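Bear in mind these aren't lab numbers, they're just calculated from the coordinates by the rules spelled out. Predicted, not measured: the structure shown is a model, and the values here were computed from it. A quick note on method: Cβ atoms are made from the backbone with ideal geometry, for glycine too, and the neighbour counts reach across all protein chains shown.
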C-alpha cells in the first residue's frame, strides 16, 4: 500500500513538472504560439501558428523576400484544420489539416495548401502541395507588430456565404475568400 502512495505521489509530481516545463517553454519562445478558431457554415476551422514580432524590421521585400515560398509563422509550420470541405478560390479543399505557405510578391500573393501539415516552418516540400490560390493584398494604415491570422465570416453573414482567411503583419494584410462545400 505504501508503494502505491509513493508511486501516485511521484506520478503527480512528474505531471506537475512537465506542465510547468511546457508553460515555461512557451514563455521563452521569441514567437509565442497561438490559434484562431471559428465555425462558419457548419465547418469548425482552426489555424495554429507562431506569432513573430516586427521588432522594427522591414518585413516584406526584406526579411521575407518576394517571389520565395514562406511559412507565415515561426517554429512549427502554420496549419489549418477544417471539419468540412472548403472551396477556396477555384480550389476544392477536403476536410482535414494542411500546412499554409505563402509566396509573396510585390503585386499578387499566393496561398499554398500543403498536405504535409505536421512539419517545421523551414521544411517546405513542393511535392506535397495540394493546391495554390491567389490572395488579395491590402496595405494597412498602421503597423501590426505581431503576425496575426483571423478566420472571419463574410458580412452580412448568411447561410452559405462563407468567409475569409486573413493574415496581417507589418503594414500588409493578405486574405482569401472561401465557402463551405
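Could you tell me the extents of the stretch 115-181's C-alpha atoms along the three principal axes, largest first, rounded to whole Å?
Principal-axis extents of the stretch 115-181 (Cα, largest first): 38, 35, 19 Å.
I'd like the projected area of the stretch 25-91, averaged over all directions, using the convex hull of its alpha carbons. Report it in nm² with one decimal.
Values: hull surface 25.5 nm².
If I average the Cα hull's projected area over directions, I get 6.4 nm².
Which value, in nm² and rounded to one decimal, describes the direction-averaged projected area of the C-alpha convex hull of the stretch 33-181?
8.3 nm²
Using mean Cβ contacts within 10 Å as the protection proxy, how do 140-150, 104-114, 49-59 order, highest first?
104-114, 49-59, 140-150
Using a cut-off of under 16 Å, list every residue of the stretch 163-181 whose amide N is near the label point 7 Å from the Cα of residue 142 along the Cα-to-beta-carbon line.
168-173
Quick check: residue separation of residue 152 and residue 115 times 0.36 nm, minus the Cα distance between them. What number comes out in nm?
11.0 nm
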